[in-house]
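Beneath this line is the structure, given in structure tokens, with notes to follow.
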Amino acid sequence: MNQNVLPEHQVAVPQPVGGEGGQCDLGHDRMISSGDIMTSLINSTHMDQSLQASHAAVATKGPLQTADLPLLGMHCAACANRIEQTLSRAAGVAEANVNFATTRATVHYDPAQTNPSALRDAVRSAGYDAIVSLPSRSDADQAPSAEDTEDAGTKARQADYERQKRRFLVALGFTVPVALLAMGGHLMPALASWLNQSWRPWVELVLTTPVLFWSGRDFFTGAWNAARHRAADMNTLVAIGTLSAYAYSVVATVAPHWFTSTVAAGPSREHATHPMDSPAGVYYEVAAIIVTLILMGRLLEARARSKATGAIRALAGLQAKTARVERDGRQQDIPIEQVQIGDVIVVRPGEKVPVDGEITDGSSSVDESMLTGEPMPVTKKPGDVVIGATLNKSGSFRFRATKVGKDTVLQQIIRMVQQAQGAKAPIQRLADVVSGYFVPVVLCIAVATFVLWYDLAAVENRLTFALLTFVSVLIIACPCALGLATPTAIMVGTGRGAQSGILIKGGEALESVHRLTTIVLDKTGTITEGCPAVTDVFPLGMDERELLRLAGAAERGSEHPLAEAVVRCAEERNIALVSATHFEAISGEGIVATVEAREVLIGNAAFLQKRGVTVDSAPAEQLAGQAKTPIFVAIDGKPAGLFAIADPIKKTSAEAIQQLQRMGLKVIMLTGDNRRTAESIARQLGIDRVLAEVLPDGKSNEIQKLQQEGEVVAMVGDGINDAPALAQADVGIAMGSGTDVAMEAADITLVRGDLNGVVSSIALSRATIRNVKQNLFFAFIYNVLGIPIAAGLLYPFTGWLLSPIIASGAMALSSVSVVTNALRLRGFRVAR
């Protein structure tokens, strides 16, 4: 798994006092909210251990940086492999990943030795090009935001798409008459004698030449660049195939006496009764139609792939364009890029929150579905954090900007999705290995096919027969579908996850999830709310509200989480609390306070008995069996009541755990709480196995023991003390409402912070890997069946011979079909 290592400058956040998971910050030292979710998780300088290992091979002089380079001119998996190898060998590069589906290179490099411009030069040296976007701000040291990079790549790809579209339309305009001239005799027999004249090949030559060398020139320049680097790719196959048919036809046009064929075998050929009755057989339409169909396939593929990258564009498009800022005593609308930390911003009903910040006054309901996937608006009041790009629904408020530009949660999410889509999944390695050897093998098969049929076919038509099978093999064997199979599905899957509040660090994590056998759940803050609350009040000889008033007043001086629960209970019932005139806390036992000249004792049974107050311990035993903590209260030396305090189970936990079990997974609860409390909660949730009273440093050992038993383990937690276990597990899943340290150690972050996200992430992983396997099957079976048919394997038995024209159409549609299949993942629905 990806075990992230914290940089030296990272400072661990102190654990809040709200219990084991650290969710409930009762001391208000730090507000845990959606705004903290991605702070350290998506920092591009945080590398996993495998990447750290590769860094050792590079003599770096400082911390590494990451560059995302949109690529141009890449048309197959072999192209991606060549760019990746070139970048990996460049000076100062620790690791480079090239994703064919996203046409993007993700490069981790030492800024002291290289820079994005130098990386672009390296890409150009391989015969391709890269986009290096400039910062959107004037600061010289400001790195481009994820949106800057995405915009630059999108604009460049759109320009390239328009260029290819023009070339396709020109090719189509010339190819149609070529095809009509070549096949018109079959379509309209009355015209056969008129078309079968010596002028026809010359007209076809004139029309075909611009199709090949203007519309299709990228095939030839790409093949030449590959040859200069002693490599071969899709361009090589297309260039050799079309050029062979074109060159043969040119010779047959210029010097027809060189050929003495009686019958021009192959599809779309008229039958001549005598060599001089018609011009020598030419195949201009084969070359022209192949180029046109492949250009059309690229356009269709580009459109389909643009839908696959829609998740990032949709997220980037959520950003507000302007902000209403209070400056110099007046409000003014300024571009979002000019907002600074500390600015006071006004948000009116129906407007988007421009940047991240903290509300200073006003209140409203905010739609945070873009972040959490949860459609219900969230009530916001002074002191609460708001996230940029969320939608203000009802009221108006003012807030102080705390994060702007590339530091906002939205930009960090986009950055993380880009990194996840740029990383390779282990299942992709097979396709990469095959793609690396595929083109040279196909060239050998094509040459062998030519030689075989030239030797075996009838003397009068062996050259044309060998040529057609040679071209068909080259064209149908394009490895595009194979290269797109895995990265496209991973790209759509991670993008769909981000839109649903499931942030996946990379393809490796996404793939690992589907192999899980055991889910280990932390209790506090994961299964439960993480904030102790008063569940029951049992007054003795006095009114319930009076008991809460005196106890709440006494507990106001305590920072203990159980004391805070009592105070909150009183405040929620609108009970006014006075101040205690005397307060003393006895660690581990309770408190003594004076409220309105009355002595108030609050604590456990032993504490009150030590003070001479006799209490009935039977209720305490009963409450403990219900996973509740009893707190006794005595007023002026007499028992006054009892509070039952518990950490409530989240409403979604029970159903989510049942779904995990229905998915065939073992569910285990891991907690530091006492066994009796833990087993009580486990019984309520239907969990069979409980690991209780485990110290923080022992949690990772428990995970390791499970792994030694042969289990593939996911750890789900949220607290600082969960971080070692999250790193040890095969897959670490952090609840988004937890601490940054926990999320830094995890592979997946659930923004919504409930266990339904675990169910959804597993279901998404299974759906994605299933989609990948479907794509790989279709890609492999296409080539396994297509190449032998194109080589003429069935011809001796059935008389079937695959036309190069049909081969080019099938090749183009294979890539489109793979991308279209991957796009089905956009319909994945998360658990609610």
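Identify all lysines with a Cα-Cα distance to Lys650 below 16 Å; exclude those on the same chain that are fewer than 8 residues away in sequence.
Hits, sequence-local ones excluded: Lys523, Lys628.
Quick one: 3J(HN,Hα) in Hz for the range 104-109, Karplus 6.51/-1.76/1.60 with θ = phi - 60°, rounded, Gly and Pro as x.
9, 10, 10, 10, 9, 9
To the nearest Å, what is the center-to-center distance of the range 458-501 and the range 63-116, using C-alpha atoms only?
That distance is 24 Å.
Of all accessible surface on the range 674-737 at a 1.4 Å probe, what whole percent is carbon and sulfur?
Answer for the range 674-737 is 44 percent, counting heavy atoms of protein chains only.
For the pair Leu180 and Leu785, how long in nm is the line joining their label points, each one 7 Å along Cα→Cβ?
Rounded to a tenth, the inter-label distance reads 3.6 nm.
Which peptide among 821-829, 786-794 comes first, and what is the full order, when sorted by highest mean count of other Cβ atoms within 10 Å? Please report the intermediate quantities before stating the final value.
Numbers: 821-829: 17.1, 786-794: 20.2.
Listed from highest to lowest mean packing, they are 786-794, 821-829.
Any idea of the accessible area per residue across the range 471-510, 1.4 Å probe, to the nearest Å²?
7
At 1.4 Å probe size, with the rest of the protein present, what percent of the exposed accessible area of the range 462-577 is carbon and sulfur atoms?
46
Apply the a/c threshold of 1.5 to the C-alpha gyration tensor of the range 530-642 and tell me whether it is rounded, prolate or oblate. Each step should come with its number before you reach the end.
Working: a/c = 1.36, a/b = 1.11, b/c = 1.22.
It is rounded, given that a/c, with a ≥ b ≥ c, falls under 1.5.
Are any of the pairs Lys155/Lys505; Lys666/Lys773; Lys155/Lys403; Lys393/Lys666 more than 31 Å apart by Cα-Cα distance, and if so, which?
Violating the 31 Å limit, Cα to Cα: Lys393/Lys666.
Could you provide, to the nearest whole Å², the per residue accessible area of the range 572-684 with probe 1.4 Å?
About 49 Å² of surface per residue is accessible.
Which order do the peptides 388-399, 746-757 take when ranked by the mean count of other beta-carbon atoms within 10 Å per residue, highest first?
Most protected by this proxy first, the peptides run 746-757, 388-399.
Peptides 162-170, 102-110: what's the order by average Cβ count within 10 Å, highest mean first?
Descending mean neighbour count gives 102-110, 162-170.
Whole Å is fine, so just give me how far the alpha carbon centre of the range 585-636 lies from that of the range 435-454.
86
Quick one: which residues, 5 or more positions from Thr390 or on another chain, have an amide H under 5 Å from its amide H? H modelled 1.01 Å from N in the peptide plane, none for Pro or chain starts.
HN-HN under 5 Å from Thr390: Val353.
With a probe of 1.4 Å, find how much accessible area the range 784-832 has per residue, and write the answer as a whole number in Å².
Result: 51 Å² of accessible area for each residue.
The values are calculated or read from the model by the stated rules, or taken from the named source; none is laboratory data. It should be emphasised that the depicted structure is a prediction, and the values quoted were computed from it without experimental measurement. Positions of Cβ are generated from backbone atoms using ideal geometry, with glycine treated the same way; all protein chains shown enter the neighbour counts. We work out accessible area using only protein heavy atoms, side chains counted, and drop any ligands, DNA or RNA first. Shrake-Rupley method; radii C 1.70, N 1.55, O 1.52, S 1.80 Å.
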